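All remarks here apply to the structure that follows.
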Amino acid sequence: MKIKISEETQRMLMLLKLDAKRLFERIKYRSPEYMYEFSLKRSRDHFPAVFNNRYESSTIRDLMLCGQEVIAGLDQFYSLVDEMRWYLNHTQDMPNRMEDKVHSYVRELEKLFETLNLYIDVEMGLLKEQTNETDS
């Protein structure tokens, strides 16, 4: 039996989905630019713009609108984003090593991003959950 979610919950889920999407796109598709700038200037001043997101300002009350799977997916995705941000802001690695590490982070983030989207889509009713029952 499908539980109908409130309009407030739908809006919150959509905001979280779009926030994660924009963040992931910046991290993945702008990596050549932000890595080039770091390599050229050895400055980390541009990293905050890459990692800016709305999830950090979400409250516990906001997140309580989400189901457990979505909350777990958000935690996994944004925890890895935070790990990547910390690495870029504090590493002493050389730019070539950093680029390799960024590619590794992007691959991991892509999996977590896809999983998060799946959880959100299921919760919003855009996809049906897989069950062991067969349709009669």
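In segment 38-61, how many residues are closer than 27 Å to GLU8 by Cβ, open to solvent by less than 50 Å² (accessible area, probe 1.4 Å) and not aromatic (Phe, Trp, Tyr)? So that I can check it myself, show each step before the final result.
Initial filter on segment 38-61 (closer than 27 Å to GLU8 by Cβ): 52-61.
If we keep only those that are open to solvent by less than 50 Å² (accessible area, probe 1.4 Å) as well, we get 53, 55, 58.
Next, from what is left, pick out any that are not aromatic (Phe, Trp, Tyr): 53, 58.
Final tally of qualifying residues: 2.
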Practice prompt. Go over the candidates GLU108, GLU114, GLU99 one by one and state the one that is open to solvent by 30 Å² or more (accessible area, probe 1.4 Å) and more than 15 Å from the chain's Cα centre (by Cα).
Written response: GLU99
Item to complete: Filter segment 117-130 down to residues that are part of a loop (DSSP other than H, G, I, E, B) and open to solvent by 80 Å² or more (accessible area, probe 1.4 Å) and give me whichever is nearest to ARG22 (Cα to Cα).
Response: LEU126
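The values are calculated or read from the model by the stated rules, or taken from the named source; none is laboratory data. What you are looking at is a predicted structure, and each value in this text was computed from that prediction instead of being measured. Virtual Cβ from ideal backbone geometry, glycine too; neighbours counted across all protein chains shown. Keep in mind that these areas ignore ligands, DNA and RNA; they rest on the heavy atoms of the full protein, side chains included. Shrake-Rupley method; radii C 1.70, N 1.55, O 1.52, S 1.80 Å.
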